[in-house]
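The values are calculated or read from the model by the stated rules, or taken from the named source; none is laboratory data. All values reported here derive from a predicted model rather than from experimental measurement. When we count neighbours, we look across all protein chains shown, and the Cβ atoms used for this are built from the backbone with ideal geometry, even at glycine.
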Amino acid sequence: MRYVVFNQKGGVGKSTIACNLAAISAHQGLRTLVLDLDPQGNSTHYLLGDGLAEGDGRHLGRFFESVLSIFNERPLAEYVVSTPFENLELLASHPMLEELQGKLESRYKMNKLRDALAVLAPSYDRIYIDTPPALNFYTRSALIAGSGCLIPFDCDTFSRRALDALLASIQEIRADHNAALRVDGIVVNQFQPRANVPQQLVQQLIDDGLPVLQPYLSASVKIRESHQRAQPMVHLDPRHKLTQEFQRLHEALPG
């Protein structure tokens, strides 16, 4: 299974959701891979702490650089790095992804990630793809390569307004490039059950027939500590309420 975690709006928890679900998959003994396609590299720092050692060329920037070379394209497997967590590996981000984007788009390289992952995917039970907060070359490449899409939703009015456009973009990718792509569900994040607006917004999603996954992820300051320590919740605090919610959400995922 290749899950693309995607929302065009920033700050909705894409990296947090991708890394915590991946950590649970790995903790359960599944061979798990995270791809960090966001040049900001939040997933990379979450799973590696300070990130790659200086001079380590094993990152997605180098992979996409090789894609631009007619005679020197390298297998995606060469850029996989280990994390401190058993069964969990990473294709790390790098700032050079930003620099390469225009060249990759102008040369119509959007299918390259799909082709490379098709070779690599049999080595893993679960793959999670973290995407930039924009419908750009990397996000489209991820949706073309993915089998299912998870959409984080942060209970914000602006997020609700943007959701229809986001779903239309996914439908366009499905129609033009990846007929097998599914919307596996909307992940409600930072949910506050005692506040009226989040309840109303989530109920509206349900009333509209959208695939809202349960449980909803609670707002918690503990997640900030998780980020700071570079430890997903299942490793930082296995008994925490938010950890339990991530585990139940993992169980609810299709596939």
Looking for something at pLDDT below 95, farther than 16 Å from PRO152 by Cβ and basic (Lys, Arg) - is there at least one such residue anywhere in segment 239-254? no
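Which residue out of PHE85, PHE6 is aromatic (Phe, Trp, Tyr), under 17 Å from the mean Cα position of the chain (by Cα) and under 30 Å from SER220 (Cβ atoms)?
Working: PHE85 fails: under 17 Å from the mean Cα position of the chain (by Cα).
Among PHE85, PHE6, only PHE6 is aromatic (Phe, Trp, Tyr), under 17 Å from the mean Cα position of the chain (by Cα) and under 30 Å from SER220 (Cβ atoms).
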Is it fair to say LEU104 is touching a Ser or Thr at 6+ places or on another chain (Cβ under 9 Å), modelled with pLDDT under 95 and more than 30 Å from ARG248 (Cα to Cα)? no
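Name the residues in segment 42-72 that are among the small types (Gly, Ala, Ser) and either under 22 Å from LEU249 (Cβ atoms) or modelled with pLDDT of 95 or more (or both), would you?
Filtering segment 42-72 down to residues among the small types (Gly, Ala, Ser) leaves 43, 49, 51, 53, 55, 57, 61, 66, 69.
Result: SER43, GLY61, SER66.
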Are there helices (runs of 4 or more DSSP H) fully within segment 201-255 with at least 3 residues that are without any contact (Cβ under 8 Å) to a residue 24 or more places away in the chain? List them. 222-229, 241-252
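Could you check segment 183-200 and list, in sequence order, the residues that are part of a loop (DSSP other than H, G, I, E, B) and of a type in the set (A, V, I, L, M)? Before you say what the answer is, go through the steps one by one.
Residues of segment 183-200 that are part of a loop (DSSP other than H, G, I, E, B), as a first pass: 189-190, 192-195.
ALA195, the sole residue that qualifies.
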Quick one: would you say PHE71 is more than 30 Å from ARG224 (Cβ to Cβ) and buried (at least 20 other Cβ atoms within 10 Å of the Cβ)? no
Criterion (surrounded by 12 or more Cβ atoms within 10 Å (Cβ to Cβ), within 20 Å of GLN8 (Cα to Cα) and at pLDDT 90 or above) met by exactly one of ASP184, ASP154: ASP184
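Restricting segment 91-129 to residues that are hydroxyl-bearing (Ser, Thr, Tyr) and in contact (Cβ under 8 Å) with a residue 12 or more places away in the chain, which is surrounded by the fewest Cβ atoms within 10 Å (Cβ to Cβ)? Talk me through it step by step, then tell me what you get.
Going through segment 91-129, the residues hydroxyl-bearing (Ser, Thr, Tyr) turn out to be 93, 106, 108, 123-124, 128.
Then keep just the ones that are in contact (Cβ under 8 Å) with a residue 12 or more places away in the chain; that gives 93, 123-124, 128.
Details: SER93: 28, SER123: 12, TYR124: 19, TYR128: 27.
If we take residues in segment 91-129 being hydroxyl-bearing (Ser, Thr, Tyr) and in contact (Cβ under 8 Å) with a residue 12 or more places away in the chain, then SER123 is surrounded by the fewest Cβ atoms within 10 Å (Cβ to Cβ).
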